[in-house]
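For reference, the structure is listed below as structure tokens.
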Amino acid sequence: MATSPPSNASGVTFRETMAGPFKLGLVDPKAVPDGAPELAMHAVVEIDDIEAFRADPQHKARLSGTIDYPPLGTGLVAPSGVFGLFSPSHDPKLAYMVYELAFEHAGKPHYLAGKKHVLVGAPWKLWGETTTLYTTLHEGRDTSGRVIGAGTLSLGVGALLRLLTTVGGTPTAPARSLWQRIGAIASFFTFFSGELVRTYVLQRGRGGRS
């Protein structure tokens with residue numbers, strides 16, 4: 001059961017749209033052919049407590065949104081999901097940005113799961129790795145279901161600029177002040193930029209290994 005954030009918690013929310021070719025019947029996102037129909041994920045990230053988010057080794061938060069994919073429909077509502085930012089993998093040099101959305105189509109549950117692969121390396125790899133989402137579609141309510149589609153979504157420059165305009169504070173108490181909301185946003189960007197510096201400038205893996 002999910003626990004409520006403490007009454008003095010301040011959080012962050014933002015919206016992110018990624019789109020790209022996606023094909024039903026495919027299992028490998030990297031094998032998506034040119035000309036495949038476009039899938040767009042319109043995601044809403046909600047971090048209830050920024051300090052708890054930073055302290056969590058998986059750096060997880062809530063995700064919801066809608067999905068546009070002509071073979072299935074447009075405006076498919078995904079009321080719940082999972083977001084992870086620099087979530088660790090089995091390899092200390094590799095972390096993931098995780099975007100997972102649960103939705104229903106034709107009365108059946110489906111699960112769209114994507115990962116951006118953030119690998120310790122040269123600075124010029126930053127843009128491609130942090131804007132490319134390798135995505136699979138599963139039958140059922142989580143990633144254990146059979147893969148029935150795959151593709152590669154991306155975040156363009158215009159979409160990134162729009163994302164930045166949506167970043168805001170999410171106070172969980174009416175008395176939360178403007179400065180506390182600003183502090184939460186600053187804490188988020190400090191964490192985000194620090195992880196980028198660690199990965200692409202210092203080139204150190206999680207746990208201090210290079």
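Readers should treat all values here as calculations from the given coordinates under stated rules, not as data from a laboratory. The shown structure was predicted, so the numbers you read here are calculated from the model rather than taken from an experiment. We place every Cβ from the backbone using ideal geometry, glycine too, and count neighbours over all the protein chains shown.
What to note about this one:
- Formal net charge of residues neighbouring Thr74 (Cβ-Cβ distance under 13 Å; K, R +1; D, E -1): -2
- Computed extension gain for Gln58 through Gln180, at 0.36 nm per residue and net of the alpha carbon distance, reaches 41.5 nm.
- For Glu38 and Ala106, the FRET efficiency from 1/(1 + (r/R0)^6), where r spans their Cβ atoms and R0 equals 22 Å, is about 0.60.
- Distance in nm between pseudo-label sites at Lys30 and Arg15 (7 Å out along the Cβ direction from Cα): 3.4 nm
- The range 146-169-the range 65-131 distance, computed between alpha-carbon centres (Å): 9 Å
- Pairs exceeding 22 Å between alpha-carbon atoms, taken from Lys23/Lys93; Lys93/Lys116; Lys30/Lys60; Lys23/Lys116; Lys23/Lys108: Lys23/Lys93; Lys30/Lys60.
- A simple count of charges around Phe14, restricted to other residues whose Cβ falls under 14 Å of its Cβ and scoring Lys, Arg +1 and Asp, Glu -1, yields +1.
- Set against the labelled values [x] 1, 7, 14, 19, 19, 17, 13, 7, 3, 1, 0; [y] 1, 6, 10, 12, 16, 16, 15, 11, 6, 3, 2, 1, 0, 0, 0; [z] 1, 7, 12, 12, 13, 11, 10, 8, 8, 7, 5, 4, 2, 1, 0, P(r) over Cα pairs in 5 Å bins from 0, in percent computed from this structure falls on [x].
- Efficiency of FRET between Thr166 and Phe192 - r from beta-carbon atoms, R0 25 angstrom, step 0.05: 0.95
- Residues Lys125, Lys115 in ascending order of nearby Cβ atoms (within 10 Å, fewest first): Lys125, Lys115.
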